[in-house]
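*Asks:* Right, I'll just put the structure down here and ask away after.
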Amino acid sequence: MKIREECGVFGVYAPNEKNVASMTYYGLYALQHRGQDSCGIVVNDGGVFTAKKELGLVGDVFTKEVLSSLGNGKIAVGHVRAGTKGTITQANAQPLVVSHIKGCMAVAFNGNIINKSELRTGLELQGSIFHSSTDTEVIAYEIIKERLNQPSIEHAISSVMGKLDGAYTIVVMSPTKLIACRDPRGYRPLCYGITDEGDYVVASESCALDAVNAKMVRDVEPGEIVIFDAMGVRSIKDFCNTKKQSSCIFEFVYNARPDSIVDGYSVHQARLEMGKYLAKKYPVEADVVIGVPDSGLDAALGFSKESGIPYEIGFLKNKYIGRTFIFPEQKDREDQVRKKLNPIASAVAGKRVVMVDDSIVRGTTSARIVKLLRDAGAKEVHFRVSSPPFLFPCYYGTDIPNKEVLIANQHTQEEIRQLVGVDTLNYLDLEDLKKIAILDGKNSFCYACFDGKYATEPPKALEASKYEVKININEKTKRH
């Protein structure tokens, strides 16, 4: 199985024309942690779509001049993407813009469609020609096909949702509408808010709403389609409550920013609780607790509060280096660790250190971080992990590889302790994680990467290069 991507989607509907490109820029900047390989913005000015998408970070791609060239409009969509090995190409950058007989459409997507191969094959047999290897293009063609027989684009999207199996959040822009939808199991987060000026904003996480001064209205319900247009806000709920909710627990462990609210839950508070449970279940005599930036910091603080061991800043993070977990090549990840983190020697030298991190996936990054602490003079290093062991691959869009390279699938906990180079090692128990995730008992979560209990049939294995297309294209387009 190939590693799948984790992405961020954003959209804005402004009743009065304004600089929606800048709003989308700030929204994508807040979602940069969800994808660092490519980004894109499409602005709709009275049905004229102006697009810019490119490989690179939001701040690098969208200069002042580029944003100005996108012009003003009432609607915009944006996307940040974390690609997989072999898929980081211009052709796979989003949003995808397509013209069809009923008009123009832009699509931004996050997740993984389990039955993508079957859908794509069916479309190809009908004459569709693909330019990328993304699920997004399959969805776009399916929407276009349905639109020919449906009274509106939202009804076309509803028809397509009946064909899709897997995890997805999708933001679609037509000449007059902004449409957001979430899969019936609610794997990936999606919410919307409104600004004081009456502009509606859709985003993968609430932190992106905050970035544009929008107040969160609510999460998009699993299976819901929300439409924003001149008539206001309305929704189609034909697929709501048709499947058991299985929101991704990994959003709380790692993916989401701690200042986000996902399905009504504070990510920061959930991670604090993870650290507290670790301290209760696996106490240790130590002098200091430190967290591995960024997603390990909140759990480390929780561990410190529960244990009474002082919390210290143990690492200085270079904020201009991205998240090593989503780098597709192992050597890239290892090189980034050296550039990304520098231990603060005065905080750890001669001390018994509790190091808290969100996960151990491959193990090599953790080993290098531990070595940094040892070289800085740490007397002991006790590793506490705020998630259970990763034992199984994820088929729903999270960047978790096949089980053969998951260290917990191939080694015992004691072997991992030795390989990572720590004095003690303990993971958060799955049952304790479930207690944290349940909170008010309203939602249910997917733990498949920990327990192997999938809500769908795993997809059929695909050849690694079957759908990869490597071409250079002009990403700045203007279409009527």
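The values are calculated or read from the model by the stated rules, or taken from the named source; none is laboratory data. All values reported here derive from a predicted model rather than from experimental measurement. We place every Cβ from the backbone using ideal geometry, glycine too, and count neighbours over all the protein chains shown. Remember, those area values only see protein heavy atoms, side chains included, never the ligands or the DNA or RNA. Shrake-Rupley method; radii C 1.70, N 1.55, O 1.52, S 1.80 Å.
*Asks:* Is it the case that some residue within the stretch 311-333 is farther than 15 Å from Leu297 by Cβ and modelled with pLDDT of 90 or more?
*Replies:* no
*Asks:* Among the listed residues Leu373, Leu439, identify the single one that is more than 20 Å from the chain's Cα centre (by Cα) and at pLDDT 90 or above.
*Replies:* Details: Leu439 fails: at pLDDT 90 or above.
It is Leu373.
*Asks:* As an exercise: evaluate Cys446 against (1) at positive phi; (2) of a type outside the set (Val, Ile, Thr); (3) at pLDDT 85 or above and give the number of the one condition it does not meet.
*Replies:* Cys446 satisfies all of (1) at positive phi; (2) of a type outside the set (Val, Ile, Thr); (3) at pLDDT 85 or above except (1).
*Asks:* Within the stretch 171-183, is even one residue outside any loop (DSSP other than H, G, I, E, B) and open to solvent by 10 Å² or more (accessible area, probe 1.4 Å)?
*Replies:* The initial filter retains those residues of the stretch 171-183 that are outside any loop (DSSP other than H, G, I, E, B), namely 171-173, 178-182.
Then keep just the ones that are open to solvent by 10 Å² or more (accessible area, probe 1.4 Å); that gives none.
No, the stretch 171-183 contains no residue that is outside any loop (DSSP other than H, G, I, E, B) and open to solvent by 10 Å² or more (accessible area, probe 1.4 Å).
*Asks:* Still on this structure, please answer the following. In the stretch 262-278, which residues are farther than 23 Å from Arg368 by Cα and touching a residue at least 60 places away in the same chain (Cβ under 8 Å)? Before the answer, list the steps.
*Replies:* Within the stretch 262-278, the first condition is being farther than 23 Å from Arg368 by Cα, and the residues that meet it are 262-274, 276-277.
Result: Val262, Asp263, Gly264, Tyr265, Ala270, Arg271, Glu273, Met274, Tyr277.
*Asks:* In the stretch 55-69, how many are surrounded by fewer than 24 Cβ atoms within 10 Å (Cβ to Cβ) and over 18 Å from the mean Cα position of the chain (by Cα)?
*Replies:* Within the stretch 55-69, residues that are surrounded by fewer than 24 Cβ atoms within 10 Å (Cβ to Cβ) and over 18 Å from the mean Cα position of the chain (by Cα) number 10.
*Asks:* For the stretch 138-174, name all the residues that are out of contact with any helix residue (DSSP H, G or I) (no Cβ under 8 Å at 6 or more places or on another chain) and hydroxyl-bearing (Ser, Thr, Tyr).
*Replies:* Ser152, Ser158, Thr169
*Asks:* Moving on to the next point. Could you check the stretch 39-142 for strands (runs of 3 or more DSSP E) lying wholly inside it with 3 or more residues that are of a type in the set (Gly, Ala, Ser) and in contact with a Pro (Cβ under 9 Å, 6 or more places away or on another chain)?
*Replies:* Details: elements: 48-55, 73-81, 96-100, 103-113.
It comes to 103-113.
*Asks:* Would you confirm whether or not the stretch 277-298 contains a residue that is outside any loop (DSSP other than H, G, I, E, B), modelled with pLDDT under 95 and of a type in the set (S, T, N, Q)? Outline the logic, then answer.
*Replies:* Step one: of the stretch 277-298, the residues outside any loop (DSSP other than H, G, I, E, B) are 277-281, 288-291, 297-298.
Checking the rest, the ones that are also modelled with pLDDT under 95 come to none.
No, the conditions are met nowhere in the stretch 277-298.
*Asks:* Hey, can you tell me all the residues within the stretch 234-252 that are open to solvent by less than 60 Å² (accessible area, probe 1.4 Å), out of contact with any helix residue (DSSP H, G or I) (no Cβ under 7 Å at 6 or more places or on another chain) and either over 19 Å from Gly8 (Cβ atoms) or among the β-branched types (Val, Ile, Thr) (or both)? Don't jump to the end; show me each part of the working.
*Replies:* Applying the first criterion (open to solvent by less than 60 Å² (accessible area, probe 1.4 Å)) to the stretch 234-252 yields 235-236, 239-240, 245-252.
Retained after the next criterion (residues that are out of contact with any helix residue (DSSP H, G or I) (no Cβ under 7 Å at 6 or more places or on another chain)): 235, 240, 245-248, 251.
Correct list: Ser235, Cys240, Gln245, Ser246.
*Asks:* Any residue at all in the stretch 226-235 that is under 30 Å from Ser387 (Cβ atoms) and in contact with a Gly (Cβ under 9 Å, 6 or more places away or on another chain)?
*Replies:* No, that holds for no residue.
*Asks:* Anything in the stretch 136-169 that is touching a Phe, Trp or Tyr at 6+ places or on another chain (Cβ under 6 Å) and among the charged types (D, E, K, R)? List them, or say none.
*Replies:* Selection gives Glu137 alone.
*Asks:* So Gly264 clears everything in (1) at positive phi; (2) at pLDDT below 95; (3) open to solvent by less than 30 Å² (accessible area, probe 1.4 Å) except one condition, right? Which one?
*Replies:* Result: Gly264 passes all but (3).
*Asks:* OK, next. Hey, can you tell me all the residues within the stretch 24-38 that are part of a helix (DSSP H, G or I) and open to solvent by less than 20 Å² (accessible area, probe 1.4 Å)?
*Replies:* Residues of the stretch 24-38 part of a helix (DSSP H, G or I): 24-30, 32-34.
The answer is Thr24, Gly27, Leu28, Ala30, Arg34.
*Asks:* From (1) assigned to a loop (DSSP other than H, G, I, E, B); (2) surrounded by fewer than 23 Cβ atoms within 10 Å (Cβ to Cβ), pick out the condition that doesn't hold for Pro222.
*Replies:* Failing condition for Pro222: (2).
*Asks:* Follow-up. Can we say Lys52 is modelled with pLDDT of 95 or more, open to solvent by 10 Å² or more (accessible area, probe 1.4 Å), touching a Lys or Arg at 6+ places or on another chain (Cβ under 6 Å) and charged (D, E, K, R)?
*Replies:* Values: modelled with pLDDT of 95 or more: yes; open to solvent by 10 Å² or more (accessible area, probe 1.4 Å): yes; touching a Lys or Arg at 6+ places or on another chain (Cβ under 6 Å): yes; charged (D, E, K, R): yes.
Criteria met by Lys52.
*Asks:* Quick check on my filter: what residues within the stretch 120-154 are touching a residue at least 24 places away in the same chain (Cβ under 8 Å) and either of a type in the set (A, V, I, L, M, F, W, C) or open to solvent by 50 Å² or more (accessible area, probe 1.4 Å) (or both)?
*Replies:* Phe130, His131, Val138, Ile139, Ala140, Ile143, Ile144, Leu148, Ile153
*Asks:* Here is a follow-up. Quick one: in the stretch 189-202, of everything that is out of contact with any helix residue (DSSP H, G or I) (no Cβ under 8 Å at 6 or more places or on another chain) and in a loop (DSSP other than H, G, I, E, B), which residue is surrounded by the fewest Cβ atoms within 10 Å (Cβ to Cβ)?
*Replies:* Asp196
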